[in-house]
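Before any comments, here is the structure.
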Amino acid sequence: MLFRHVGYARDFDKALQQRIFKRARMMRDSFATKTGKDALRNILPLKDKRNHLLMFKGKSTRTASTFIASILNLGGNAIPLGWEASSMAKGEMVPAMVRTQHAAGFSSLIIRYDDDDKDVIAEAIATCEEWNLDLFIVNAGLGNSEHPTQMLLDIFTIQGRLPEKLREERLKIAFAGDLAYSRVIQSLAVGLKEYKPEISFISQPKIRIPEWVKKELNDAGVRFYEIHEPLEHVIGSLGADIYYLTRLQTNLRKDWGKDTAADEELESQFLFYSGITEKAAKAAPAETLFMHPKPSGPELPEWFEKDPRNIAIEQIMNGIPLRMALYYERFAGDDDIEIELARSIPVTFHSKDGDVVATTSAEIRSVCSDPTCTAVKLRQSDGWGNIKPAEHVSLKHTSNMLCPKHRPTPPDRIKSMSGEEKIINPKPS
Ligand code: NCD
């Protein structure tokens, strides 16, 4: 198991991220075919991990619905209960809630908690450890500093678009908006540190990036700049590959509405400092990408939705294979059921007749159980051949059939109980 819980962005180093992304690509490819879809719908039922619960204190559209879709795609049931609709609103404590949901038979608890009065994720994980509960705790947004699954889907999106820049540590990314309260931006900046990007933090001075993020980046040797100038003034010269925007995080700010004059000033300047004005859109080169976790405010105007540089929809779409990958890894990652998925990916079959027959791996009937071998038997053929699966598919060897190359040569004769010898493998005369 790669991880027991999804707690914090810092728990997902580059190596772990890459393993999850590999699985997410596999989920996406498999899900694109009918046989792959069908195979994936067996995953959670096969593991007897059918029921999953969302407990959200805080509003959500994309995170909630893509978690639900991902679990349904793997054959599970995802039920949103809601913090405020539960006994949590009567003062029940996190450990009691976690034990209750485990007793009710749920296999995962997806928690969002917008307040910052306590770390409910740490409490939930500690409860599972103390009571030895096999319950998968997933952080779907905590206070104003943590959103690890959004961080993963964002890096997955960046890698999909700019793989060389990320791999060669040449990525230039600028964050703009409510840097002080955006858990998305804080998690993403920390999650990217091992790729050594060059980061610019663009914001009004009052909502600058917090010290703890700067310390993480400094310790990791990441170069970053703080810019307190309007986006439209700097976008033409900054040369960032990606501008990552957020809205003003009014729901996460306890002090919002207390000082009306200061809030109004912040709000009225927000688009100018951190948003896409017509000037900013014109000044940004054609290859620039704009990302946004959504929902958006005035910083991402409706007229910019169709701009090809805006990839916010791609982020949402990537959230599904990414979250499926997390569930797959947690519940089935150690298993040999990969063959089911490999079956759904087009392969080339090299038969002994020398011909290369293109087919789909849905037709694979058996895989040689020698772990060094990729010999397979197709449904329509009696002979064994070799396939070249897509680069990211590993064929696990689950069947107990061996191909002729690996089958031990049977003995020519065996002795019966009475000592009589019998020829069982007559040589052709
Ligand atoms: C964000 C969140 O809730 O932190 N959205 C999301 O999860 N996709 C950002 C926001 O609400 O502005």
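The values are calculated or read from the model by the stated rules, or taken from the named source; none is laboratory data. Note that the structure is a prediction, hence the values are computed from the model and not measured. Cβ atoms come from the backbone with ideal geometry, glycine included; neighbour counts cover every protein chain shown.
On inspection, Ala78 does not qualify as within 13 Å of the ligand (Cβ to nearest atom) and touching a residue at least 12 places away in the same chain (Cβ under 8 Å). Evaluate region 97-108: report whether one residue or more is out of contact with any Pro (no Cβ under 7 Å at 6 or more places or on another chain) and closer than 29 Å to Ala189 by Cα. Scanning region 97-108 turns up at least one residue that is out of contact with any Pro (no Cβ under 7 Å at 6 or more places or on another chain) and closer than 29 Å to Ala189 by Cα.
Residue check: is Tyr243 surrounded by 16 or more Cβ atoms within 10 Å (Cβ to Cβ) and either within 25 Å of the chain's Cα centre (by Cα) or modelled with pLDDT of 95 or more (or both)? Against the criterion (surrounded by 16 or more Cβ atoms within 10 Å (Cβ to Cβ) and either within 25 Å of the chain's Cα centre (by Cα) or modelled with pLDDT of 95 or more (or both)), Tyr243 qualifies.
Could you check how many residues of region 250-297 are of a type in the set (A, V, I, L, M) and without any contact (Cβ under 8 Å) to a residue 60 or more places away in the chain? Give the derivation first.
First, pick out the residues of region 250-297 that are of a type in the set (A, V, I, L, M): 252, 261-262, 266, 271, 276, 280-281, 283-284, 286, 289, 291.
Those still in the list that are without any contact (Cβ under 8 Å) to a residue 60 or more places away in the chain too: 261-262, 271, 276, 280-281, 283-284, 286.
Qualifying residue count for the region: 9.
Lys258 meets the conditions (1) assigned to a loop (DSSP other than H, G, I, E, B); (2) in contact with a Leu (Cβ under 8 Å, 6 or more places away or on another chain); (3) surrounded by fewer than 16 Cβ atoms within 10 Å (Cβ to Cβ) in every case but one. The failed one is (2). Could you go through region 60-76 and let me know if any residue there is under 29 Å from Ala189 (Cα atoms) and in a loop (DSSP other than H, G, I, E, B). Yes - at least one qualifying residue is present in region 60-76.
Look at region 183-194: where a residue is closer than 16 Å to Gly143 by Cβ and a partner is charged (D, E, K, R) and within 15 Å of the ligand (Cβ to nearest atom), sitting 6+ places away or on another chain with Cβ atoms under 6 Å, you get Arg183/Glu146; Ser187/Glu146; Leu188/Asp154.
Here Ala180 meets the list (1) within 14 Å of the ligand (Cβ to nearest atom); (2) crowded, with 21+ Cβ neighbours inside 10 Å; (3) assigned by TED's automatic domain parsing to the domain that holds Ile227 almost entirely, failing just condition (2).
What number of residues within region 49-75 are more than 16 Å from the ligand (Cβ to nearest atom) and within 23 Å of Asn132 (Cα to Cα)?
Number satisfying all stated conditions: 5.
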